[in-house]
Amino acid sequence: MEKPIIVIGAGPAGLQVAISIVKNFQNKEGFFPPVIVIDREKHAGGILNQCIHTGFGLAEYKEELTGPEYASRVLQEFRQLGIELRLSTTVIRVDENKMVTTLSPHRGLEKINALAIIFTTGCRERARGVIHIPGDRPAGIYTAGLAQKFINIDGYLPGKRVVILGSGDIGLIMARRLTFQGAKVLAVLEANNFVGGLARNVVQCLDDFNIPLYLSHTITDIIGKNRVEKVKISRVDENMRPVWGSEFELACDTILLSIGLIPENELAEMAGVKLDPSTNGAVIDENYMTSIKGIFACGNALHVHDLVDKLAVEAKEVGKNVAEYVDLSIGNSSTKGSLEFNAGTSVNIDENIRYILPHKISGKKTVKFHFRVRKPLNDVTLRMGNFQKRFPYLLPNEMSSVTIPAEYFERIDGDYLELLAVKGVKKVKGKEEDSELIQSQIVREVKIWIEKKLPV
Amino acid sequence: MDRKEVTSLKEFICIICPVGCKIKVDFELSSLSASGFASAPAIKSIHGFRCQRGEKYVQEEIINPKRTLTSVVSLKNGEMPMCPVRTSVPISKDILEEMTRNVSQLSVEAPVKIGEVLVKNIMGSGADIVVTRDLNRMIN
């Protein structure tokens with residue numbers, strides 16, 4: 001039996017990457033190994049199944065779909081291609097030789113020697129212990145995604161009087177969800193002085209229901225014997241330190257924590273894949289291959305996405321690269337292949353940028369970089385030699401990207417990508433506006449630079 | 001008949017797509033309160049939208065704001081206990097609260113398919129309540 005290609009996780013990324021691999025195989029000559037998608041749940045679709053709200057697939061299908069509807073569309077295409085799907089199957093081990101060990105009720109324990117592995121294992125949620133919220137440990141404290149599962153999948157209402165910590169999209173969506181189901185959401189708190197989620201969600205999840213949003217606030221104490229009884233909320237300064245005397249109380253029975261998603265990479269780590277501590281996702285090259293040859297990563301397991309549509313675009317690109325890698329590995333075609341894997345040039349960043357992908361490039365191929373800034377920035381221009389791209393604004397909660405054509409890399413000679421805050425004329429439809437003069441904020445100079453290093 | 005004229009300068013955040021354009025509008029809303037019938041707002045200036053849908057959204061938002069309702073209903077004899085549903089088209093915001101109460105009372109028998117209509121023209125809103133997930137009957 002030939003070595004298959006294993007995709008771990010049948011969420012939107014796993015399904016899309018499998019579809020893309022198979023479609024790319026169809027364009028090539030020769031015989032190709034099977035693709036197997038594995039998921040521990042009973043259903044494919046990943047987190048989409050519990051995201052019953054709309055907002056998915058607008059770019060791809062020109063319709064605003066709910067999570068399950070979007071999953072169904074992708075699954076339709078998946079089934080048409082006849083790709084093998086193993087549900088209720090848990091991958092319990094992956095090693096650096098690409099040996100995948102799985103466990104399932106109907107197949108028992110199995111070891112699969114894989115030709116290539118793609119990690120599309122999604123995210124887990126950050127919990128209370130990580131941010132050290134002091135106080136009692138009563139029942140009634142849930143992460144927002146877990147509460148979403150309770151309501152939308154299991155049919156339970158987690159509580160009646162709720163305080164939500166974190167203004168990311170999940171927190172905002174759950175504020176509305178709970179209100180729709182008859183709970184009272186008392187407040188949404190956000191430690192930063194800017195909102196974490198999309199502006200549209202502030203409108204349709206908070207403003208619509210007059211739910212107050214407290215920026216620069218956090219929970220500084222939880223009180224309750226068996227169940228949450230009240231929380232103490234304080235204002236925080238720009239260093240996230242509570243301001244004395246700003247404390248107030250809210251009586252509640254439930255706390256939802258929406259304080260961050262962390263890419264799930266326990267299996268990848270087990271296999272020896274190098275992780276980037278600033279994303280907790282794999283270190284990758286421009287082909288989305290990890291530090292282990294033949295192991296790839298994409299989707300939320302690599303970095304947290306805001307929109308499934310963008311994630312689908314990424315997965316499609318990765319599928320193309322995997323097909324190319326497999327093509328080369330099994331020596332099918334006579335083509336040399338245009339992809340260079342794990343090339344040696346690193347991409348480095350300074351502290352204004354939280355992360356950038358890919359981590360390494362060959363310098364021979366056009367690269368689409370994805371990055372996030374730490375704080376909101378206005379009217380910035382990205383410059384590298386002759387290459388220039390202007391961004392009216394960059395927000396931490398919106399993944400930014402920039403495509404740099406291959407020819408610009410030839411001219412790197414100690415050059416770096418520089419993000420400078422420059423005054424510009426903002427043009428929006430119908431009216432020209434002057435952007436704010438931000439010369440005084442030149443301190444927000446952001447550097448992404450590419451250092452030429454000798455190949456390792 | 002009372003004739004009220006309201007002039008307003010407001011900034012809306014469009015919710016049609018995830019971009020969320022900030023749209024600034026300078027408008028005059030004339031309302032004839034006897035019939036409760038409001039004519040289209042006289043928009044003096046509008047800018048900030050990146051597509052036509054933003055312009056349309058703001059006009060609707062001023063006269064009769066609409067939202068899409070999504071929720072879950074009980075699924076009887078199904079492989080999962082709950083079935084996600086949505087309104088087929090956006091509905092008026094003022095009937096939203098009552099509609100969530102009505103929808104929470106609904107239940108449906110498995111199997112169900114995406115697009116299946118549970119309630120036609122719910123509360124006279126012009127929207128149907130439709131199923132958004134294929135769910136099978138429970139296998140024993």
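List of remarks:
- For segment A:119-277: lysine pairs under 23 Å (alpha-carbon distance), excluding those fewer than 8 apart on one chain: 9
- Per residue of peptide A:180-189, the mean number of Cβ atoms on other chains within 10 Å of the residue Cβ is 2.
- Fewest-first ranking of B:K24, A:K365, using other Cβ atoms within 10 Å as the exposure measure: A:K365, B:K24
- Crossing angle, helix B:52-63 versus chain B [Cα axis fit, 0-90 degrees, rounded to tens]: 80 degrees
- Sites B:N64 and B:E28 - FRET efficiency at Förster radius 22 Å, r taken between beta-carbons, to 0.05: 0.80
- Proxy reagent accessibility, fewest Cβ within 10 Å first, across A:R40, A:R177, A:R107: A:R107, A:R40, A:R177
- Residue with peak Gaussian network fluctuation, chain B [Cα springs, cutoff 10 Å], from B:P18, B:P81, B:P65: B:P18
- Pairs from A:K365/B:K22; A:K98/A:K364; A:K23/A:K98 whose Cα-Cα separation, in the structure shown, is over 31 Å: A:K365/B:K22
- Sorted fewest first by neighbouring Cβ atoms within 10 angstrom, A:C205, A:C298 come out as A:C205, A:C298.
Computed from the coordinates by the stated procedures, all read-outs in this text should not be read as laboratory data. Small disclaimer: the values here were computed from a predicted structure and weren't measured. Neighbour counts are summed over all protein chains in view; Cβ atoms, including those assigned to glycine, are modelled from backbone coordinates with ideal geometry.
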